[in-house]
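Only one structure is covered here, and it is reproduced in the block below.
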């Protein structure tokens, strides 16, 4: 059984709201797949559907080719972290992991092992209700890793982490992928996934917007634009425009040129005797690439609705 | 950004155990025992149940406790089954040695309800009668109170009967005796076997039944008797029973007396047995026998050890209802149910495992509370203070009470699955189970509504605590307040189980269908 998440033609409505609209994508092992979309796009719903928690009106969600509900020892197939606050406050971290372990036929020894690797050893016997969000995230990750699954599905794992925690989380996710696991990580902030995800599934309003490699996406968003710094702005514009390039002014001594490659631009400027201090290929950030993609599908805009939902859930 | 070479798919070397119902049970049990509040609440359930039971015991019926030892009032005679009995009638008797028979005809039986001698209770209501006023022929071991007997008798309201050894009552073939339709009665003694007959004409006899009076002496007292229980004018008012008691006197005309076998031939002796009123008159071959202020029946059964010792069950139940509700509602409140169902996607099994855990915990609470309160109760009271119900019945009450707690806990769990809010669930279960029990057993309501509450609501399950038997031939107040439930123990328990089964079915359906 290959460790994959395959989502095919998912459709789901909550009353009049379309939560998932013919959503299909595949998460492959050995890479971190970013699952991105604005709040309310359907990321959490998709994850609940994959875990067999929510029903769908149409479509299938399979783990290694099987529906989640048919899995034996499901936690050894998929580890998931949906909501780090889903804890009984008066139960300790160790006891939380203990009942989970018992449900999968795992021993208390495995619990102690995972507590050690997740750095929760010291607080393991304290009430989980007193944990900080960061500690709860760690406990949620420990629960996801408990049965050592080849597939991981994490909903907004960067939430509530300090900068140090974010760096740690990126490294942790990369290491999981490097071990050959399939990792699906949702986020509503693209920047969090920079340098972590190698593949992206972008959704908006429950619909697939893009299913692409990260480098392809950035290349496309960069669109062959070149940034040019020159003290002779108008001369440069004339020379380049005559050569068929589109030129935009971006500052007192900077221009963005679309059309010719940077080598061609340098040749044109030299020929025309126009001085320049810097020619560089403009590289879009992941954030920019994402904004470009989702410009049309942002569901909740502050300007339209008067508020921005922050819980990432579709109202039920 | 460059795409790294894809590593080979991950293979875990973690050893997994079984993934069955036992593991799920283990997980749910771990959930239960790792929330300290629930474990404490279970301990509290044991404590309040035992405490209330014990304090109810020391304040029980006629309790008179000195130095930690409680006694009842003056003791009643003990019958052949070791149970206290009422043995009080007017007896016109002779000695019979060995086998023999007695035959008599009753041409009239009337009862007269006496006005209250102090005049406080006023007069009995018009048309009042005492259906169990009785007169007939009797074979009795001796005039010692509580000794064995067999009798065939006419009654005012229940026709001809054969009764023996206090507890047994068999209907004869004739109705009320009068001069127009007299009742012929016959009792034949052969060894320890007594056979009763009745006849409308003294020629054609029909057997009513036989009684085997084990160990009956050769020499016995045989003759005519009359007695009548009092008349109780019961009025149910808010807060209790208002009862005016009137004595009643039964008067019977006997004739055609015929004796067979080893009769002594002595003169007839008239004796008021056991403090009864009465007298007799012999006129030729006829006798007029009057007797009242008594009866020959089992004693008015009072509470017994097992039931009183577990009377605090409702209090323990309240704590268990809270636990059972929380055990499910916290799953919803915290979103923990998603973790639970991700770990165990077979939802029916999750519900079953939870039900087994809360049920087992509640059952254990019931057993431990019984293990604490029954011995304490037995130390407080002398063994003969209560109606001995027998080991089997005691076991049924102890285990049944534990089962009652368990089933109500499972009922609560099912409702919690449906309602998801602990306050709503706890309120609902208390209204459905605890309130009817209280209303019905604390004489807030009159017997009619009380009986219906204990038939129709899940509180019917409390009938499992019923111990003291109900005797048709004993005029008594059979209400929930006095420990008599309208349904038989297992029928009442079945009503509770039916409610629970329906709730569990609905919970299963909803849990399977609803998005988690």
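Here are the numbers for the structure shown:
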| quantity | calculated |
| --- | --- |
| Length added when fully stretched, residue B:214-residue B:421, from 0.36 nm per residue minus Cα-Cα | 68.3 nm |
| FRET E, pair residue A:229, residue A:167, Förster distance 25 Å, beta-carbon r, rounded to 0.05 | 0.15 |
| Inter-label distance, nm, simple model (7 Å from Cα along the C-beta direction), residue A:238/residue A:122 | 7.0 nm |
| Alpha carbon convex hull of the range A:143-242, volume per residue in cubic angstrom | 181 Å³ |
| Dimensionless Rg ratio for the range B:452-516, taking C-alpha atoms and the 2.2 N^0.38 Å reference | 1.54 |
| Structure-based [θ]222 nm, the protein assembly as shown - -39500 (n - 2.57) summed over DSSP H runs of at least 4, per residue, nearest 500 | -11000 deg cm²/dmol |
| Mean shadow area of the protein assembly as shown, taken as a quarter of the surface of its Cα convex hull (nm²) | 51.5 nm² |
| Cα-projected label distance for residue B:15 with residue B:488, points at 7 Å along beta-carbon direction, nm | 5.5 nm |
| Translational diffusion of the range B:220-274, µm² s⁻¹ [Kirkwood Rh, Cα pairs; Stokes-Einstein; 37 °C; 0.692 mPa s] | 214 µm²/s |
| Whole-number Å³ per residue for the convex hull built on Cα positions in the range A:1-51 | 79 Å³ |
| Debye log10 I(q)/I(0) at q = 0.18 Å⁻¹ for the range B:375-476, Cα point scatterers | -1.03 |
| Distant alpha-carbon pairs in chain B (separation over 35 angstrom), percent | 50 percent |
| Between the range B:437-455 and the range A:232-280, the Cα center-to-center distance that results, in Å | 97 Å |
| Tail weight of P(r) past 17 Å, computed on alpha-carbon pairs of the range B:317-362, percent | 34 percent |
| More than 21 angstrom apart: percent of Cα pairs within the range B:84-217 | 45 percent |
| A:262, B:311, A:175 arranged by Cβ crowding within 10 Å, fewest neighbours leading | A:175, A:262, B:311 |
| Kirkwood Rh (inverse of mean 1/r, distinct Cα pairs), the range A:32-161, angstrom | 15.5 Å |
| Sites residue B:142 and residue B:501 - FRET efficiency at Förster radius 45 Å, r taken between beta-carbons, to 0.05 | 0.25 |
| Inter-label distance, nm, simple model (7 Å from Cα along the C-beta direction), residue B:232/residue B:282 | 3.9 nm |
| Against the rule of thumb 2.2 N^0.38 Å, how large the Cα Rg of chain A comes out | 1.22 |
| Least to most buried among A:131, A:290 (fewest other Cβ within 10 Å first) | A:131, A:290 |
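Just so you know, all these numbers are worked out from the coordinates, no wet-lab data involved. These numbers were taken from a predicted model, which means no experiment stands behind them. Note: ideal-geometry Cβ built from the backbone for every residue, glycine included; neighbour counts use all protein chains shown.
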